[in-house]
Amino acid sequence: MADTITITDNRTGKQYELKVTDGTIRALDLRQIKTSDDDFGLMSYDPAFMNTASCRSAITLIDGDKGILRYRGYPIEQLAESSNFLEVAWLLLRGELPTAAQYADWTHQITHHTYVHEYLKRAMDGFQHDAHAMGKLTAFLATLSTFYPKSKAVRDPKVREEHIVKIIAKMPTIAAWCFRHSVGRPYVYPDNSLSYCGNFINMLFNIGQPRFDPDPILERALDVLFILHADHEQNCSANAARAVGSAETDPYCSLAAASAALYGPLHGGANEAVLRMLGQIGDIKNVPAFIDSCKGGSGRLMGFGHRVYKNYDPRAKIIKELAHKVFAVTGKNPALEIALELEKIALNDDYFVKRKLYPNVDFYSGLIYQAMGFPVEMFPVLFAIPRAAGWLAQWQEMLADNDQKIARPRQIYTGSDIRDFVAIDKRGA
Ligand code: SDX
């Protein structure tokens, strides 16, 4: 049986045989289907890319029906159990788990690039004290682009590697600056004796202590959360990083675009929206009425639903278990009861079941962040830190893919036909 499909154009009676590769046809193969020689040829129309593969990728696999998530073939459950974020970042970027020597060198490189130039504190201090942390992070990533103009040489592997290290290393420092700026506390310098997550906690919460020892349970919980958020194939923000990067934009501005996409409440901003929703519900007795309001179309159950997962998001399962470990240290987040009641009712309600709406990665993560002392505006920033590794892996894969070129979709034109200019005194009311 040939790996082709035959299309009959009923407008002309002509038949076309199109090759099927990896379950897809090349959209360009549709262009041969014409009704006349001057016909542009067929295109596919796919708003929001509901059924379009934009690339070939070896980084992450999601099986939405089975609730499977793998980074470079490794199940997320095993990585969350046995790995750490820096090791996973290496895996995403290079395709293999690092050897002990590679891991030691990688950790040394990242640890020794955590400082951000003192001059850039003026950029952070230029924001209003109550500027949203994601707005600051997004702007700051673009600002770093002006600080590292040589990063524009995106076709040079050595330049890419240098700035991949800088970005992964500096994300926690920038994120900590965003938080400390919002609460009017002085910035804390990185402590190279601490782990990636331990140093981040230190830069966030150290108040004048010469030696800061992060709670090991919270340090590990953050590491697991970073692993779970590191990549998720062609999500909205990865698509933004690829699209902007396809113009050969430097990695800082490509990630600023990705950060802007992640900021949206339908994407990475959902973890913040979940906590605001739980606060709005206020009490477990209000849950049924809130669910009814969602079903009535007055709003969405934030943290529920997913474009790909039509089953429980495997990350949500792990985060839900992790919450109990964190609460043992921080004290239980009272909003947990409301979240659990929301989940219990929604998973048995036909509106959600029929639409295959399950808790996603954002439903429980915010409860942990809030219990750890983060303000809600920081939640999407905590998503962006680890996702920078995924964005960089996707960006790098795009640049190395000979199939790729500058992203420039077509359109169906629905505007006016040609018409002549009308002087302002001749225009109607
Ligand atoms: C992330 O893509 C990724 O991989 C993203 C991510 C990653 O790691 O990068 O996983 C991270 O962004 C997770 C998603 C976080 N967002 C939210 O929790 C916001 C709430 N969820 C939704 O808005 C929605 O579910 C999306 C955006 C996540 C997915 O939207 P789709 O696939 O475009 O689905 P849709 O909007 O077309 O909804 C289909 C139906 C609609 O109802 P009908 O028109 O059929 O009547 O389901 C309904 C929607 O109204 N629906 C919801 C709902 N989500 C979808 N109804 C109530 N509550 C919800 N949360």
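The values are calculated or read from the model by the stated rules, or taken from the named source; none is laboratory data. Model, not experiment: these values are computed from the prediction. Positions of Cβ are backbone-derived with ideal geometry, glycine not excepted, and every protein chain shown enters the neighbour counts. Areas reflect the complete protein model, heavy atoms only, side chains present, ligands, DNA and RNA absent. Shrake-Rupley method; radii C 1.70, N 1.55, O 1.52, S 1.80 Å.
Residue pairs exceeding 22 angstrom between C-alpha atoms, taken from Lys310/Lys405; Lys285/Lys317; Lys170/Lys332; Lys66/Lys285; Lys136/Lys405; Lys295/Lys354: Lys310/Lys405; Lys285/Lys317; Lys170/Lys332; Lys66/Lys285; Lys136/Lys405.
Here the extension length gained between Ser36 and Thr21 equals 2.6 nm, from 0.36 nm per residue of separation less the Cα-Cα distance. Taking chymotrypsin sites (Phe, Trp or Tyr not before Pro) across the range 43-92, the ones in a DSSP loop with at most 14 further Cβ atoms lying within 10 angstrom of their Cβ are Tyr45. Summarising the amide proton neighbourhood of Asp63: residues at separation of 5 or more, or on other chains, whose placed amide H is nearer than 5 Å comprise Ile68, Leu69.
Note that the range 271-341 presents 47 Å² accessible area per residue, ligands and nucleic acids not counted, probe 1.4 Å.
Taking amide H positions as modeled 1.01 Å from N, with prolines and chain starts lacking one, the residues under 5 Å from Phe304 and 5 or more places away or on another chain are Asn360. Mind checking the angle between helix 251-262 and the chain's longest principal axis? C-alpha axes, 0 to 90 degrees, to the nearest 10. Between the helix axis and the principal axis of the chain, the angle is about 90 degrees.
Each peptide in 168-176, 285-293 gets a packing score, the mean of other Cβ atoms within 10 Å over its residues, and the list from highest to lowest is 168-176, 285-293.
Considering only Gly373, Ile406, Gln396, the residue lying farthest towards the positive end of the dipole of the range 369-427 is Ile406, judged by Cα position with unit charges set on Cβ.
Of Tyr312, Gln280, Gly297, which is farthest on the positive side of the dipole of the range 270-371, counting Cα position, with +1 on Lys and Arg Cβ, -1 on Asp and Glu Cβ, and the Cα centre as origin? The Cα lying farthest towards the positive end belongs to Tyr312. Here the calculated FRET efficiency for Ile68 and Tyr115, from their Cβ-Cβ distance with R0 = 35 Å, stands at 0.35, rounded to the nearest 0.05. Our coupling estimate for the range 155-169, obtained by passing each phi through the Karplus curve with A = 6.51, B = -1.76, C = 1.60 and θ = phi - 60°, is 8, 9, x, 5, 5, 4, 4, 4, 7, 4, 4, 4, 5, 4, 5 Hz, Gly and Pro reported as x. For the range 171-186, the Karplus equation 6.51 cos²θ - 1.76 cosθ + 1.60, evaluated at θ = phi - 60°, returns couplings of 4, x, 5, 5, 4, 5, 4, 4, 6, 5, 4, 6, 9, x, 9, x Hz by residue, with Gly and Pro reported as x. Between the alpha-carbon centres of the range 351-429 and the range 269-310 there is a gap of 20 Å. Springs between alpha-carbon atoms under 10 Å, Gaussian network over the chain: tell me which of Ala371, Ala221, Ala101 tops the mean-square fluctuations. In this elastic network of the chain, the residue with the biggest mean-square fluctuation among Ala371, Ala221, Ala101 is Ala101. Picking from Asp46, Asp191, Asp350, which is most flexible by a Gaussian network model of the chain using Cα springs under 10 Å? Comparing Asp46, Asp191, Asp350 in a Gaussian network model of the chain, the most mobile one is Asp46. Computed 3J(HN,Hα) for the range 362-370, one whole-Hz value per residue from the Karplus formula 6.51 cos²θ - 1.76 cosθ + 1.60 where θ = phi - 60°, is 8, 6, 9, 4, x, 4, 5, 4, 5, glycine and proline marked x.
Each helix, a run of at least 4 DSSP H residues, gives -39500 (n - 2.57); summed and divided by the residues of the chain, these come to -15000 deg cm²/dmol at 222 nm.
Per-residue packing, averaged as other Cβ atoms within 10 Å, sorts the ranges 236-242, 388-394 into the order 388-394, 236-242, beginning with the highest.
Summing +1 for each Lys or Arg and -1 for each Asp or Glu among the other residues whose beta-carbon sits under 11 angstrom from that of Ala273 gives 0. Taking the three principal axes of the alpha carbon atoms in the chain, the coordinate ranges are 78, 68, 56 Å, sorted in descending order.
The simple spin-label model puts a point 7 Å past each Cα toward its Cβ; for Leu28 and Glu337 those points are separated by 6.1 nm. Between Lys14 and Asp9, the built amide H atoms are under 5 Å apart, and every one of these is 5 or more places off in sequence or on another chain. Give me the log10 of I(q) over I(0) for the range 270-371 at q = 0.11, 0.14 Å⁻¹, as the Debye formula computes it from C-alpha points; what are the numbers? So the normalised log intensities are -0.29, -0.48.
Helix 100-111: angle to the longest alpha-carbon principal axis of the chain, degrees 0 to 90, nearest 10? The angle comes out near 80 degrees. Rounded to the nearest 20, the size of the Cβ-charge dipole of the chain about its Cα centre is 540 debye, with Lys and Arg at +1 and Asp and Glu at -1. Helix 216-228 and the longest principal axis of the C-alpha atoms of the chain enclose an angle of approximately 10°. Protection proxy ranking of 307-315, 325-333, 7-15, by the mean of other Cβ atoms within 10 Å over each peptide's residues and highest first, is 307-315, 325-333, 7-15.
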